[in-house]
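The block underneath contains the structure these notes are about, expressed in structure tokens.
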Protein chains: 2
Amino acid sequence: MHVFTVENIPMIKKGDDIASIICERTSIEDNDVIVIASTIVAKAEGRMFRLEDIIAGDEAKQIADKHGLDARFVQAVLNRSREILVDHPIFLVETDNGHVCIKAGIDESNVDKGYMIDLPVDSDKSAKNIGEGIENWTGKKVSVIVTDTNGRAFKIGQTGIAIGVYRIHPIKNWKGQRDLFGNILAVTEEAIADEIAGAANLLMGEGDGGCPVVIVRGLELRSQDGSIKEMYRSDREDIIKKGLRCLGKVGD
Amino acid sequence: MHVFTVENIPMIKKGDDIASIICERTSIEDNDVIVIASTIVAKAEGRMFRLEDIIAGDEAKQIADKHGLDARFVQAVLNRSREILVDHPIFLVETDNGHVCIKAGIDESNVDKGYMIDLPVDSDKSAKNIGEGIENWTGKKVSVIVTDTNGRAFKIGQTGIAIGVYRIHPIKNWKGQRDLFGNILAVTEEAIADEIAGAANLLMGEGDGGCPVVIVRGLELRSQDGSIKEMYRSDREDIIKKGLRCLGKVGD
């Protein structure tokens, strides 16, 4: 497996065609997985907004007070969330897409001062648009993963994770396969899209030397379809959400 | 970044010298990160045990009943755990080393029938032993990561994760660095050891074609020290643990 950055990606503006920007700067092969930071996808889709255009409600003001945050920013987070899992000391929500993350993934980094940047509205669709664009340009068959960085339970630090996919299943199912001794395997579902996103994130970097596009070559994972929603655990089965809701009820 | 398997690793037995087994089968370069599945480390360290040697207590019997598990297996999990975070419908514990995982990481896969296999007692120490062995053999300066696979909050599937490290810090700190527009970065701690473990896991596989040793080449991450404990969140700061304890108190 070879993992490398696409060099000299310019500063992305609203309306930019990310597929052609990538194809002009590297050569693509069949089965390449093109990993793209959501920041540039969101920028190309014009997902920047300004706090001065937002009016905060009472709930936003209450949460903002606990954190010392701008209530308009909190309102922006609420507008994009179907559930607040924790409002303090972290501000953890489930977005309308089912993605659980801090502050609905709204980011102040790598964007003009005074602006915020959202996640793409539908990252599967964004991945599909870019993937089809690359396939049309190159004639090669590829997969695309749109990534964000997320924290984890129990451990410090963030890793690159997938929030949208094109022609790759986020989960590889080993169910029914046997181990070296013929026993049925205990681990049956491998979260390959997140593993690929994490591998790519090692080369993306975060700072002003950041590389928002990374290619992972040498895996044979391309599928006919695939959606990030295959990876989200159903509410009913999610013991950690239950625990967080329990805290919300009894107070901390 | 180039990620590749070490081929033809034999079935590992108690007492095997993993460092020499690796060095005989591949060539190592400075700054290679040698990623090793904990299963073979534990086997070389003789961490197999049999259920018939364990006597289950009352707590083990109660938990076993909820799952339909063997109570002696549950007792083995309890013996290695300092806290049960959830006893049912999943059986999630914090091991004596601070690693939060299902069933204390005890595995029935890839081991002779009738035997169970533990995690290494101290995976940092295991990583150090193997790393120093490789450095002595090759004269090259390397890092080592011992891995397991773990589930995640909110999402289906497991990823490769680090449980022990040698000469690599599990967290890369971007604190104080600036983004493309000169703003201080929001994401400041990247969990690189887990990202590397996930990348390696893409090639390790789970089944009878599994490759327990993977080399990650092309990163410059070697450090003078490093411990997996740098990555574990302190109890006081862990809102998810608090939530799970809340469930334990009020019942589900």
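The values are calculated or read from the model by the stated rules, or taken from the named source; none is laboratory data. Computed from a predicted model, the values in this text were never measured in an experiment. Cβ sites come from the backbone with ideal geometry, for glycine too, and all protein chains shown count toward neighbours. Protein only, heavy atoms only, side chains kept; ligands, DNA and RNA dropped before computing areas. Shrake-Rupley method; radii C 1.70, N 1.55, O 1.52, S 1.80 Å.
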Carbon plus sulfur fraction of accessible area for segment A:49-118, probe 1.4 Å, in percent:
43 percent
Exercise: per-residue mean of other protein chain Cβ atoms within 10 Å, A:143-155:
6
Counting only residues 5 or more places away or on other chains, whose amide H sits under 5 Å from the amide H of B:I156 once H atoms are built in the peptide plane?
A:Y232, A:R233
Return the Rg/Rh value of chain B, two decimal places, where both radii are evaluated on C-alpha atoms and Rh is the Kirkwood radius.
0.99
Let me have the 222 nm mean residue ellipticity of chain B computed from DSSP H runs of 4+ only, each contributing -39500 (n - 2.57), with the sum over all residues rounded to the nearest 500.
-8500 deg cm²/dmol
Nearest-10 value in Å² for the accessible area of A:L247, using the 1.4 Å probe:
20 Å²
What are the ³J(HN,Hα) values, in whole Hz, obtained from phi via the Karplus relation 6.51 cos²θ - 1.76 cosθ + 1.60 with θ = phi - 60°, for each residue of segment A:63-78 in sequence order, with x given for Gly and Pro?
5, 4, 4, 5, 9, x, 9, 6, 4, 5, 5, 4, 4, 4, 5, 4
Assuming a ≥ b ≥ c are the square roots of the Cα gyration tensor eigenvalues, decide whether segment B:113-167 counts as rounded (a/c under 1.5), prolate (otherwise, with a/b larger than b/c) or oblate.
oblate
Which whole-number percentage describes the relative contact order of chain A, with Cα contacts under 8 Å and a sequence gap of 6 or more?
25 percent
Longest exposed-loop-site-free stretch of chain A, with GluC sites (Glu not before Pro), DSSP loop and at most 15 other Cβ within 10 Å?
A:30-219
Just how far, in whole angstrom, is segment A:1-37 from segment B:2-50 if you go by their alpha carbon centroids?
36 Å
Hz values of 3J(HN,Hα) by residue in segment B:10-16 - Karplus curve (6.51, -1.76, 1.60), Gly and Pro given as x:
x, 4, 7, 10, 3, x, 5
Kindly tabulate the residues in segment B:225-252 with an accessible-area decrease of at least 40 Å² between the chain alone and the assembly of all protein chains, using a probe of 1.4 Å.
B:M231, B:R233, B:I239, B:I240, B:K242, B:C246, B:L247
Calculate, for segment B:49-118, the solvent-accessible area per residue in square angstrom, rolling a 1.4 angstrom probe over the heavy atoms of the protein chains.
49 Å²
For segment A:212-252 and segment B:230-252, what is the separation of their Cα centres, given in Å?
20 Å
Taking Cβ-Cβ under 4.7 Å as the only way to count a partner, pick out the unpartnered cysteines of chain A.
A:C23, A:C101, A:C211
Could you pull out every residue, at least 5 positions away or on a different chain, whose amide H is within less than 5 Å of the one on A:H169? Hs are placed 1.01 Å off N in the peptide plane, and Pro or chain starts have none.
A:S223
Between B:V6 and residues 5 or more places away or on another chain, which pairs have amide H atoms under 5 Å apart, with H built 1.01 Å from N, and which residues are they?
B:V213, B:V214, B:I215
In this model, which of A:K140/B:K172; A:K13/B:K155; A:K241/B:K103; B:K128/B:K241; A:K61/A:K113; B:K13/B:K241 are farther than 28 Å apart at the alpha-carbon?
A:K140/B:K172; A:K13/B:K155; B:K128/B:K241; B:K13/B:K241
Karplus 3J(HN,Hα) series, Hz, for segment B:225-232 with 6.51 cos²θ - 1.76 cosθ + 1.60 (x for Gly, Pro):
8, x, 9, 4, 5, 4, 9, 7
Honestly segment B:49-118 on the Cα gyration tensor test (a ≥ b ≥ c root eigenvalues; a/c under 1.5 rounded, otherwise a/b vs b/c for prolate or oblate) is just oblate
Could you tell me the total accessible area buried at the A-B interface, probe 1.4 Å, in square angstrom to the nearest hundred?
6600 Å²
Give the aspartates and glutamates reachable from B:K141 as a straight Cα distance under 15 Å; neighbours fewer than 8 places away on the same chain don't count.
B:E29, B:D30, B:D32, B:E132, B:E220, B:D225
At q = 0.07 Å⁻¹, base-10 log of I(q)/I(0) for the protein assembly as shown (Debye sum, equal scatterers on each alpha carbon):
-0.38
What does the net charge come to around B:S227 if you take all other residues with beta carbon closer than 11 Å to its beta carbon, with K and R at +1 and D and E at -1?
0
